[in-house]
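Shown next, in structure tokens, is the structure this report addresses.
The values are calculated or read from the model by the stated rules, or taken from the named source; none is laboratory data. Nothing here was measured: the structure is a model prediction, and the numbers come from that model. Cβ: placed from backbone, ideal geometry, glycine included. Neighbour counts: every protein chain shown. Heads up: the accessible areas ignore ligands, DNA and RNA and are worked out on the full protein's heavy atoms, side chains in. Shrake-Rupley method; radii C 1.70, N 1.55, O 1.52, S 1.80 Å.
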Amino acid sequence: MTIPIDRLVRSRRKTIALVVEKDASLTVRAPLQMHETAIRAFVEQHTDWITRNQQRAQRFSPPPPKKFIDGETFLYLGHAYPLEIVDKQRPSLTFDLSSFRLARSALPGAGEAFIRWYKGQAQAVIQERAPKMAALYHFSYTKVRISSARTRWGSCSSSGTLSFTWRLIMAPTAIIDYVILHELVHTRIRNHSRIFWAKVGELLPEYKQHVCWLKQNGKHLSL
């Protein structure tokens, strides 16, 4: 297997170094006088390390931003639906359980239109599911709020307010339920101790599958 070198940087350094960038590309930093044959040999000797780290970078690198064009897909409750650009429509963004439709005049603000729609759906869906889960598992909370958090799926305040990012509405309902339960358990156990995870596991034995799903797919829950 031949590993492509995306960038070769020569300097007055004495040793050669390999760097797998966040976009999974390979940068090789080499001494000024080092022959290309030696550089290539060094890269080939470290094929396994490079491949392993490139695969890891690809898993965690963010997807390209949306272009908001015909046929592009957008997630909702774990399913991908195509976008159709239409000439005139009120409201500017609609969804009919088979596709999204966006008015052409709204294209300059397409991202904001989708965020407003996602926030509204997140509010409706989570407001419906949270009290049912609280009743089922005998928890109580103060209120639910929808946030724009980028690094946290949910949080629980000391006053019992449960906050969830609107991005969560792109995930399957099983994932949404896991995050809701996670925050409900935080109303009693504020940390991530063994006791906390034991309680989550007691109520939702398959929770590790959901944690794994979020680690692998969370980057796709975005615009």
What number comes out for the charge environment of TYR178, summing +1 per Lys or Arg and -1 per Asp or Glu over other residues with Cβ under 12 Å away?
-1
Most mobile of LEU181, LEU18, LEU168 per a Gaussian network model of the chain (Cα springs, under 10 Å)?
LEU18
For labels at LYS208 and HIS138 in the simple 7 Å Cα→Cβ model, what's the distance in nm?
2.7 nm
Heavy-atom accessible area per residue, region 127-198, 1.4 Å probe: how many Å²?
51 Å²
So, with a 1.4 angstrom probe, what is the percent of accessible area on region 1-149 that is carbon and sulfur?
53 percent
Links exceeding 32 Å between C-alpha atoms in this model, out of LYS66/LYS199; LYS22/LYS67; LYS66/LYS132; LYS14/LYS215; LYS88/LYS132; LYS67/LYS199, come to LYS66/LYS199; LYS66/LYS132; LYS14/LYS215; LYS88/LYS132; LYS67/LYS199
What longest region of the chain stays clear of trypsin sites (Lys or Arg not before Pro) that DSSP places outside H, G, I, E and B and that have at most 14 other Cβ atoms within 10 Å?
89-149
Would you kindly find the accessible area of ASP6, with a 1.4 Å probe and non-protein molecules such as ligands, DNA and RNA excluded, rounding to the nearest 10 Å²?
80 Å²
When the helices in the chain are scored as -39500 (n - 2.57) per DSSP H run of 4 or longer and the sum is shared across all residues, what 222 nm value do you end up with, to the nearest 500 deg cm²/dmol?
-12500 deg cm²/dmol
Among beta bridges that DSSP assigns inside the chain, antiparallel share in %, nearest 5
50 percent
Pick out, in residue order, every one of the chymotrypsin sites (Phe, Trp or Tyr not before Pro) in region 129-158 that is DSSP loop and has at most 13 other C-beta atoms within 10 Å; say none if there are none.
none
I want the local charge near PHE164. Using Cβ-Cβ distances under 14 Å, sum +1 for each Lys or Arg and -1 for each Asp or Glu among the other residues.
+4
When Cα extents along the principal axes in Å is calculated directly from the model, which label among (i) 69, 56, 28; (ii) 76, 42, 34; (iii) 71, 35, 35 fits?
(i)
With Cα atoms, 0 to 90° folded angle of helix 36-45 axis to the chain main axis:
50 degrees
Would you tell me the accessible area of MET133, worked out with a 1.4 angstrom probe on the heavy atoms of the protein chains, in Å² to the nearest 10?
20 Å²
Residue-span extension gain [SER61 to THR73] - 0.36 nm each, minus C-alpha spacing
2.4 nm
Taking 0.36 nm per residue of separation between LYS215 and ARG129 and subtracting their Cα-Cα distance, the length gained on full extension comes to 28.7 nm
With the 1.4 Å probe rolled over protein heavy atoms, region 6-46 has an accessible area per residue in Å² of 68 Å²
